[in-house]
Amino acid sequence: MSDGPGEDFATYDERRDDADGTFEENRSQVFERLPETAADREVEGRPSREAVVDFWADRFGVPPETFDGYTFWEKGAGKLWAYAGDAPDAIDVEALGMVFLRVRQDHWKPTTDAVQRFARDASENVVLLDDEQAKRFVAGEDQDLKWDGDWGYLVVSHDLAGAVEPLGVGLYLYGELRSQVPKGRKRDID
Amino acid sequence: MVLERYDPLVDDAAAFRAACDRPLPSVVRVNTVKTTVERAMRALDEDGHGYERADWLPELLRLDSDSPGTSWPYFHGWLYGQEEVSALPALVCDPQPGERVLDPCAAPGSKTTQLAAMMDDTGTLVANDNNLGRLSALRSNAERCGVTNLVVTNQDARNLSLKPFTPAGSDEQPRFDRALVDVPCSCEGTIRKNPDAHDDWSLGHVQQIAGIQREILRRAVRTTRPGGTVVYSTCTFAPEENEAVLDAVLAEESCELVAFDVPLDTRPGVTDWKGEEYDPSVELAQRVWPHLNDTGGFFCAKLEVTA
């Protein structure tokens, strides 16, 4: 991901972290397992498991072993699920594990719940907010922020009960941190 | 008056009625998929929320305030608002890491997420509900709790199909190690939480829902492996929805009731009611009357599948 103006950041806003993921095009009605590597790919545009693990490691420094024991699935175009149990391929159910990543767009976007679950050990592109900033972030507000790192999707964290805890995903552009907390997860913290 | 109906079944009708009139505190269960009880308590302390830990289940915290939803630990999915006594059936079900577990009437997910935590978020937990709107609540609750061992299905639990779990070209229908059958019920025991819970009560409704409960329990027994455990629970007092359902299913399916210990004061299931006599083993079921532990009302039975 590049930093600085010049890139068309409009692509970031195309798809929101919606709760029901209603995408029109190219939608699969069943859960299809991601290929292990790009060489195993049978469905156009579907990323491999390897590429997904690499994404979390390269972008956020999440150790690859975080995902040991998980299988990755696609249902609906570009909506990836991480699942810890057993299931046959092409399983036709409502949900399988948790939605954890949006792909098939220029900039892959982790979900709020995935960042909370898997990005505790994230070491890169993590922005730490103070309490006031954190409250604004989970209320869904955008805010000015000084940040010297990459633009794009960041893991947004704060200190809680003696450790750093990820809150969710923010989009950093032009000196502003845009909250990506989905509507149903926004809260006005006391 | 609905409660009068049960006076003959309780040891202290006045205490029973008085308890039903008292509101219940707001209770949360710490979600150990995402944190520890110690860190959740520390987060509540830092936020200035007062609480008291339940002695019978360390994950349960009784809050001083009514708004856990606007606290940091709630936002992080560390807490789940849940009526205290409803944490009982998952404890009785006792799912183990790596097992296959069925929750056929799962939404909105308090017991489902508790089962997932007890399984260390491993194995396979199938959570079903017939209502799509409630299913959406279940999904967002499970994701907030960080649960990843969950399969969500939208079926009628009375004829739950195992076909989605059958690999293509195979006839194998993998049965479950355990099931937690927390059926829809007349909810009489939630009167302390919902003061209008008895407004629409009718014997006809009780009898109708009992028929559904019986079919749901039958199907759960059939989809559980021999030697596996099925827990049946309701939040209602009516024997028609409790012991009578067990009595019917014992006669129809290959299962038996087994004894179990719980860390609460309970009373045995009743064997006769309104002229009906039930299988004597329904005494092994346990009734939680509101005045015994100062909780909501509850009913819980443990069955073992025999074939």
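Annotations for the structure displayed:
- Percentage of interatomic Cα-Cα distances in the stretch A:16-118 larger than 21 Å: 27 percent
- Estimated purely from DSSP H runs of n ≥ 4, each contributing -39500 (n - 2.57), the mean residue ellipticity at 222 nm for chain A is -4000 deg cm²/dmol once divided by its residues.
- Debye, to nearest 20: dipole size of chain B, +1 on Lys, Arg Cβ, -1 on Asp, Glu Cβ: 980 debye
- Selected from B:194, B:166, B:288, residue furthest toward positive end of dipole (the stretch B:85-305; charges at beta carbon): B:166
- Around the Cα centre of the protein assembly as shown, unit charges on the Cβ atoms of Lys, Arg, Asp and Glu (plus for the first two, minus for the last two) sum to a dipole of about 500 debye.
- The stretch A:126-185 shape via C-alpha gyration tensor axes, a/c threshold 1.5: oblate
- Förster radius 56 Å - calculated FRET efficiency between residue B:283 and residue A:123, Cβ distance, rounded to 0.05: 0.45
- Overall size of chain B from C-alpha positions, given as principal axis extents largest first: 61, 55, 33 Å.
- Span per principal axis, largest first, for the Cα atoms of chain A (Å): 46, 40, 29
- Spin-label pair residue B:55-residue A:106: with each label point 7 Å from Cα along the Cα-Cβ axis, the two points sit 6.3 nm from one another.
- Probe 1.4 Å, all protein chains present, accessible-area order of B:1, B:118, largest first: B:1, B:118
- Taking all protein chains into account, the per residue accessible area for the protein assembly as shown stands at 40 Å² (1.4 Å probe).
- Take the convex hull of the alpha carbons in the protein assembly as shown; its mean projected area over all directions comes to 24.0 nm².
- Between the beta carbons of residue B:294 and residue A:142, assuming R0 = 45 Å, the FRET efficiency works out to 0.45 to the nearest 0.05.
- Net charge of Cβ neighbours under 10 Å - reference residue B:188; Lys, Arg +1; Asp, Glu -1: 0
- Apportionment of accessible area to carbon and sulfur, chain A, percent (1.4 Å): 42 percent
- Only beta bridges with both residues in the stretch B:1-155 are counted; by DSSP, about 55 percent of them are antiparallel.
- A simple spin-label model places pseudo-atoms 7 Å from Cα toward Cβ; at residue B:65 and residue A:50 they are separated by 5.1 nm.
- Those residues of the stretch A:157-190 for which accessible area with every protein chain present is at least 50 Å² below the isolated value (1.4 Å probe): A:160, A:161, A:185, A:187, A:189, A:190
- Chain B - percent relative contact order, Cα under 8 Å, separation 6 or more: 18 percent
- Furthest towards positive pole of dipole, B:40, B:19, B:58, structure part the stretch B:1-60, Cβ charges: B:40
- With a simple spin-label model that places each label point 7 Å from the Cα along the Cα-to-Cβ direction, the separation between residue B:134 and residue B:251 comes to 2.8 nm.
- Chains A and B together, accessible area buried on both sides, 1.4 angstrom probe, square angstrom: 3200 Å²
- As a fraction of the 1.4 Å probe accessible area of the stretch B:30-125, surface on carbon and sulfur atoms comes out at 47 percent.
- Lys/Arg +1, Asp/Glu -1 at C-beta; chain A dipole; positive extreme among A:167, A:147, A:39: A:167
The values are calculated or read from the model by the stated rules, or taken from the named source; none is laboratory data. These numbers come from a predicted model, not from an experiment. In this analysis, Cβ positions are derived from the backbone assuming ideal geometry, glycine residues included, and neighbour counts consider all displayed protein chains. Ligands, DNA and RNA are stripped out before the accessible areas are found, and what is left, the full protein with its side chains, is counted by its heavy atoms. Shrake-Rupley method; radii C 1.70, N 1.55, O 1.52, S 1.80 Å.
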